[in-house]
Amino acid sequence: MTVPTIWSQAVHEKIVEIARNAGLPGNISLVSELEAAALAVLRNRSTDGEPLGCGDCFVVCDAGSATVDLISYEIKAPSPLKLEECTIGERGLCGSNYFDQAFEKYIRTIVGEPQWRRLKSKSKHRMMRGFEGSIKRCYNGNNEHFSVDLQDVEDNSAVGIDREVIALTPAVPKTIFDHVIDKVLRLVDLQVDYIEEHGKTAKM
């Protein structure tokens, strides 16, 4: 069974007890979500890349909706595969929800707080779905122009609002994404630095 990486040993024992009381087999073992992800990736690793062997280290980054969790492992044995944590785990509040929050904050700013409060919740939700579907999932850092629909918003050519459509210059998604992604990259760098401080190399 997989469990959150930050759960303590006491919580692990309680989970096993609950599982057994629920009638699950007695030979239950727990593995952290990050270690499970690492095992899955390594077992399905393409032969095209540089193979990882005994003593090699690598960083696992689990970027979720609210948090980003990272930890690094050292391969102690390739077959059967055995991993050992070689850094202290890190957690950052920089998951994908923070893109949504930053985007909504930008729209509120250009629309103005009084008008934002007057707009229907349904219109706002539809706009956010548009952001998630057409911008958040498609943005790749290129200088691409995007737009979102916001029903009943007043025209304002100075900020790109025309007939309930808000035009977004390339600088807007770049600012939103860079702010969050930079935090993730700093967390990755911390893991790599810790590995190198202990005389090892993080494999890519």
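Each value in this text was obtained by applying a stated rule to the coordinates, not by laboratory testing. On a predicted model such as this, the values are computed, not experimentally measured, just so you know. All Cβ positions, even for glycine, are placed from backbone atoms using ideal geometry, and neighbour counts span all protein chains on display.
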Query raised in the report: So, counting K/R as plus one and D/E as minus one, what does the shell of residues with Cβ under 9 Å around D155 add up to?
Result: -2
Requested in this report: Please go through the residue pairs K105/K136; K174/K203; K122/K183; K82/K183; K14/K183 and name each one whose alpha carbons sit more than 22 Å apart in this structure.
Outcome: K174/K203; K122/K183; K82/K183; K14/K183
Report task. Between M1 and T67, with labels modelled 7 Å along Cα→Cβ, what's the label distance in nm to one decimal, could you check? Result -> 1.9 nm
Report task. Could you work out the per residue convex hull volume over the alpha carbons of the chain, in cubic angstrom? Result -> 179 Å³
Query raised in the report: Normalised by the number of residues in region 119-204, what is the relative contact order in percent for Cα pairs under 8 Å and 6+ residues apart?
Result: 21 percent
Report summary line: Nearest-0.05 FRET efficiency for T109 and I88 at R0 = 41 Å, using Cβ-Cβ distance, is 0.60
Requested in this report: About the Cα centre of the chain, how large is the charge dipole given +1 on each Lys and Arg Cβ and -1 on each Asp and Glu Cβ? Please answer in debye to the nearest 20.
Outcome: 700 debye
Query raised in the report: Tell me, what ³J(HN,Hα) does each residue in region 4-9 have, in order and in whole Hz, if you take phi through Karplus 6.51 cos²θ - 1.76 cosθ + 1.60 with θ = phi - 60° and put x for Gly and Pro?
Result: x, 4, 7, 5, 7, 4
Report task. Would you compute, for the Cα atoms of region 2-93, the largest minus smallest coordinate along each principal axis and list the three values in descending order, in whole Å? Result -> 45, 34, 21
